[in-house]
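The values are calculated or read from the model by the stated rules, or taken from the named source; none is laboratory data. Because the structure is a prediction, the values reported are computed rather than measured. In this analysis, Cβ positions are derived from the backbone assuming ideal geometry, glycine residues included, and neighbour counts consider all displayed protein chains. Just the protein is used for accessible areas: all its heavy atoms, side chains included, with ligands, DNA and RNA removed. Shrake-Rupley method; radii C 1.70, N 1.55, O 1.52, S 1.80 Å.
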Amino acid sequence: MASPVSRLRHWFALGAILMVATVAGMYFYARLSLRKAIHDVPAKMGLNIQQTAEGFSISKSIEGRTQFTVSASKAVQFKEGGRADLHNVKIVIYGKDADRFDRVTGDDFEYDPVSGTVTAKGTVLIDLEANPEGMRHSDQTPPAQTRSPIHLETDGLVFNKNTGDATSAGKVVFQTPQASGSAVGVEYVAKTGTMNLLSAVVMTVNRPQPVHLNADHGVITKQPHQVVLTTVHMTREQQEARSDHATFFLREDDTVDHMVAEGDVESEIHGRSELHERSDHAELFLTGTRNLLTTAVLTGNVQLASLGAQPADAAAGRATLHFGEQQVLKTVHAEDGVRLSQKNSRRGTLVAAATPQSSSASSSASSSGSSSVLSSTPAQGGTQDVEMTAPVMDFIVRDGRLLERAETSGPPQIVITQPGANQKTVVTAAKFTAKFTEQNRLATLHGEPDAKIVSSLIEASKIEASKIDASKIDASKAGSSKTGSPGQTDRVSTSRMLDVAFFPEGGVRSITQTGGFVYVDGTQKAWAQRGEYTTEDQLAVLTGSPRVVDGGMTTTAQTIRMNRATGDAFAEGNVKSTYSDLKAQPDGGMLASSDPIHVTSRSMTASRSTAIAVYTGDARLWQDANVVEAPTLQFDREHRSLVAQATSAQPVSTVLVQVDKNGTVTPVRITSARLNYADAERRIFLDGGVTTKTSDATMTGQRMTVFLLPRSQSKVGANPAMPGQVDRIIAEDQVVITQPTRHATGDRLVYTSADDKFVLTGGPPSIFDAERGKTTGDSLTFYKHDDRVLVEGRETSPTVTKTQVAR
């Protein structure tokens with residue numbers, strides 16, 4: 001973005017109009033001297049002379065110094081009316097202190113004593129030149145060194161000796177060492193010392209890049225000592241400036257003290273970028289004989305607009321510009337509702353904005369542990385409007401045209417609007433510091449302390465109004481606005497400081513919040529020392545003891561990342577999750593208690609689409625006495641189900657409980673290659689080689705299904721409910737049962753916890769003990785506590801063999 005006020009330096013070119021004032025004063029001083037000279041001609045020549053006088057000279061001296069000389073090649077005075085004509089006139093004005101050497105020449109002049117007018121009958125040439133060394137030389141000595149004079153040329157000049165007024169209806173042409181120009185029609189009022197340039201004021205200031213000035217009208221006055229131009233238009237290379245009025249305030253030496261432009265002060269810059277600037281009022285202060293611009297003050301609806309593929313604009317109530325050497329803009333102090341606005345078409349928005357979700361989608365996200373911390377809608381191919389406002393902004397300018405840095409005072413804010421996503425993000429802090437690119441676009445933004453980001457949904461019909469009124473938003477209330485759909489809450493993140501990085505072509509690249517970072521989105525909350533979001537990969541990364549709470553799920557880790565494209569969340573390093581606020585499930589099994597469910601691992605992935613969290617690396621899940629350990633655990637909180645997977649180095653380990661008829665609780669330990677459990681079915685399916693150990697028995701098989709008692713039935717006597725209590729176990733394929741004195745094999749085993757009964761079939765089943773040897777049959781039934789064994793065969797009625805084994 002070009003400097004909003006860089007054009008004002010070029011108003012300095014208008015200082016050349018002061019030459020008009022100087023020229024006019026000296027010109028009419030010469031005219032006054034001419035009037036006096038002509039008045040004295042009849043007295044020297046005699047009023048009744050009717051013949052011509054060839055060649056004469058008239059001079060006037062005071063205290064031995066000549067004030068002026070008038071010479072003519074011919075003078076004629078007529079009796080009728082006393083008129084007199086002078087031909088080939090040359091006037092030299094030395095001044096009271098001999099500090100001038102001004103020359104006035106013309107072919108013909110007429111003096112009318114009745115009306116008191118002196119009229120030039122043709123072109124009058126005037127050269128005005130200072131002679132500061134005049135007093136050091138003899139009377140009427142020309143300057144030793146002739147400098148470039150101020151030159152005027154006009155036709156039909158009329159001077160009235162009675163009033164001192166002078167007029168010319170024709171064109172007045174002037175030329176100075178710095179400028180040249182013209183006007184049509186001149187009026188000089190002696191009583192007020194005012195000269196009016198009646199129309200068509202044109203001036204060209206000769207600088208390395210010429211400046212052309214046009215005005216409809218000009219007024220030059222002595223008291224106050226100033227020049228006023230109306231309907232002013234200036235052009236310079238690819239720049240234009242205009243205003244309704246421009247007033248130049250002059251010092252005693254006719255240099256410009258300051259200049260005021262009023263009424264639609266505008267400028268335009270054409271080229272690679274189109275810039276349009278305006279204000280109601282502009283005041284410029286200058287210094288030195290060269291009238292160098294030092295300060296410019298713009299007030300009243302100060303605006304700048306940059307047009308093109310990525311339009312931008314700025315506005316303020318007042319802007320003060322300070323210039324350095326060679327009139328190069330250095331700083332800008334803007335106040336009274338400062339606003340910078342840019343329209344971007346690249347991607348993304350700021351932090352803490354999330355995709356609009358239905359209630360079911362939100363529920364799914366909460367179940368999975370996914371978070372929209374420091375996130376945004378990508379809005380690829382859409383637009384992103386960025387607006388920064390503050391009561392006061394100070395800008396540092398490089399090379400007179402490039403914004404280098406900006407600082408805010410008072411409560412600032414940034415408003416980002418995405419019309420395509422019906423989304424608005426408001427960023428606030430106690431102070432912003434911004435840096436800009438070579439194209440005057442935002443490069444980085446730093447805010448501290450009390451940084452805050454609020455993202456909300458807005459109705460489509462309110463988008464335009466939100467952009468118009470963005471500068472009026474109360475930053476202190478930004479977090480409480482509810483402009484989205486019913487039930488939608490704002491997403492708010494706070495921190496001690498924030499840093500935003502922008503793409504060169506516009507749009508947010510990344511945003512980082514550090515120092516006590518807190519994020520709130522309805523029931524979802526997050527804490528960390530640092531949160532960073534990047535739009536390229538749409539990842540939000542939390543570090544520094546991050547903790548995320550989402551609908552009763554709390555996760556901590558060394559690092560937590562959020563993917564906005566998929567809605568997935570990733571946690572790495574010492575991951576700990578706690579699922580609390582659980583409702584007891586009377587018909588549930590292992591995870592049916594209302595007590596918290598805890599999970600630890602090295603890493604975690606939470607998927608929004610499936611509402612499943614996957615824990616990997618020494619994963620461990622437990623509730624009460626029930627424990628599952630595995631290299632990988634997949635947990636579905638909504639259904640209280642889990643899937644565990646082993647590796648060659650580490651099996652899946654499960655701990656359940658068993659309660660005997662005396663109420664004694666003993667653990668049941670199971671290892672397997674895989675585990676699949678759904679609490680609604682109260683069934684654990686294990687395969688890949690399964691081993692189950694109780695206090696006095698070990699069962700193995702390739703597959704095993706463990707059925708659990710409902711929580712409501714999971715008790716014995718006065719003991720409290722015991723979720724995860726084993727009801728029965730079915731083992732299949734290469735089943736082996738080992739007890740201290742028994743060893744049994746078969747293809748299928750059904751174990752019933754209530755009576756400690758084992759039913760073994762297939763293989764055929766066999767049982768071996770040290771005293772009785774081996775027993776086989778189609779079905780073997782034995783009991784763990786009373787040593788009974790029932791054997792069934794095919795050819796005869798079932799044979800029951802009761803064997804008493806000595807202990």
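Taking the range 593-626 as the search range and keeping residues that are at pLDDT 90 or above and among the basic types (Lys, Arg), which one is surrounded by the fewest Cβ atoms within 10 Å (Cβ to Cβ)?
Taking the candidates together, the pick is Arg620.
Go through the range 529-543 and count every residue that is open to solvent by 30 Å² or more (accessible area, probe 1.4 Å) and modelled with pLDDT of 90 or more.
Count: 5.
For the range 763-786, state whether one or more residues are closer than 17 Å to Val657 by Cβ, within 60 Å of the chain's Cα centre (by Cα), among the basic types (Lys, Arg) and buried (at least 17 other Cβ atoms within 10 Å of the Cβ).
no
Any residue that is over 15 Å from Asp679 (Cβ atoms) and touching a helix residue (DSSP H, G or I) at 6+ places or on another chain (Cβ under 6 Å) - is there at least one of those in the range 585-604?
No; the residues of the range 585-604 include none that is over 15 Å from Asp679 (Cβ atoms) and touching a helix residue (DSSP H, G or I) at 6+ places or on another chain (Cβ under 6 Å).
What number of residues within the range 562-589 satisfy the criterion of being surrounded by fewer than 22 Cβ atoms within 10 Å (Cβ to Cβ) and assigned to a strand (DSSP E or B)?
Number of matching residues: 7.
Could you please tell me which pairs satisfy a Cβ distance under 7 Å, a separation of 6+ or placement on different chains, a first residue in the range 118-131 that is open to solvent by 10 Å² or more (accessible area, probe 1.4 Å), and a second residue that is modelled with pLDDT of 75 or more and of a type in the set (S, T, N, Q)?
So the pair list comes out as Leu125/Thr105.
Which residues, counting only those in the range 666-701, are under 25 Å from Pro740 (Cα atoms), out of contact with any Asp or Glu (no Cβ under 7 Å at 6 or more places or on another chain), small (Gly, Ala, Ser) and not in a loop (DSSP other than H, G, I, E, B)?
The answer is Gly689, and nothing else.
Among the residues of the range 502-523, are any within 21 Å of Ala443 (Cα to Cα), outside any strand (DSSP E or B), hydroxyl-bearing (Ser, Thr, Tyr) and open to solvent by less than 20 Å² (accessible area, probe 1.4 Å)?
So far as the range 502-523 goes, no, none of its residues is within 21 Å of Ala443 (Cα to Cα), outside any strand (DSSP E or B), hydroxyl-bearing (Ser, Thr, Tyr) and open to solvent by less than 20 Å² (accessible area, probe 1.4 Å).
Assess whether Glu629 counts as being open to solvent by 60 Å² or more (accessible area, probe 1.4 Å) and either hydrophobic (A, V, I, L, M, F, W, C) or assigned to a loop (DSSP other than H, G, I, E, B) (or both).
So Glu629 fails the test.
Looking at (1) modelled with pLDDT of 65 or more; (2) more than 30 Å from Asn131 (Cα to Cα); (3) touching a helix residue (DSSP H, G or I) at 6+ places or on another chain (Cβ under 8 Å), find the lone condition where Phe68 falls short.
(2)
Quick check on Gly551: is it modelled with pLDDT of 85 or more and touching a Ser or Thr at 6+ places or on another chain (Cβ under 9 Å)?
no
Residue by residue through the range 321-344, note down the ones that are open to solvent by less than 20 Å² (accessible area, probe 1.4 Å) and at pLDDT 70 or above.
Residues satisfying the conditions are Leu321, Leu329, Val332, Ala334, Val338, Leu340, Ser341, Gln342.
One residue is enough: does the range 267-277 have a residue meeting the conditions modelled with pLDDT of 70 or more and in contact with a His (Cβ under 8 Å, 6 or more places away or on another chain)?
Scanning the range 267-277 turns up at least one residue that is modelled with pLDDT of 70 or more and in contact with a His (Cβ under 8 Å, 6 or more places away or on another chain).
Scan the range 401-425 residue by residue and report those that are within 10 Å of the chain's Cα centre (by Cα) and of a type in the set (A, V, I, L, M).
Ile414, Val415, Ile416
So Arg347 fits all but one of (1) open to solvent by less than 60 Å² (accessible area, probe 1.4 Å); (2) at pLDDT 75 or above; (3) of a type in the set (Lys, Arg); what number is the exception?
(2)
Looking only at residues in the range 529-543 that are in contact (Cβ under 8 Å) with a residue 24 or more places away in the chain and farther than 12 Å from Arg561 by Cα, which one is farthest from the chain's Cα centre (by Cα)?
Applying the filter and picking the extreme gives Glu536.
Which of the residues spanning the range 129-169 are at pLDDT 70 or above, under 18 Å from Thr69 (Cα atoms) and of a type in the set (A, V, I, L, M, F, W, C)?
Met135
Can you pull out every residue in the range 684-702 that is in contact (Cβ under 8 Å) with a residue 40 or more places away in the chain and surrounded by 21 or more Cβ atoms within 10 Å (Cβ to Cβ)?
Ile684, Val690, Met699, Gly701
Select from the range 667-683 the residues that are within 15 Å of Ala625 (Cβ to Cβ) and either touching a residue at least 40 places away in the same chain (Cβ under 8 Å) or open to solvent by less than 30 Å² (accessible area, probe 1.4 Å) (or both) and list them in ascending order.
Those that are within 15 Å of Ala625 (Cβ to Cβ) and either touching a residue at least 40 places away in the same chain (Cβ under 8 Å) or open to solvent by less than 30 Å² (accessible area, probe 1.4 Å) (or both): Pro667, Val668, Ile670.
Of everything in the range 632-644 that's farther than 17 Å from Thr555 by Cα and of a type in the set (A, V, I, L, M, F, W, C), which residue is most open to solvent (accessible area, probe 1.4 Å)?
Restricting to residues being farther than 17 Å from Thr555 by Cα and of a type in the set (A, V, I, L, M, F, W, C), the top hit is Val643.
Here's a check for you: in the range 549-561, which residue that is in a strand (DSSP E or B) and not hydrophobic (A, V, I, L, M, F, W, C) is nearest to Thr610 (Cα to Cα)?
Per the stated criteria, the residue is Asp550.
Can you tell me which residue within the range 645-665, out of those that are part of a strand (DSSP E or B) and open to solvent by 30 Å² or more (accessible area, probe 1.4 Å), is nearest to Pro710 (Cα to Cα)?
Val665
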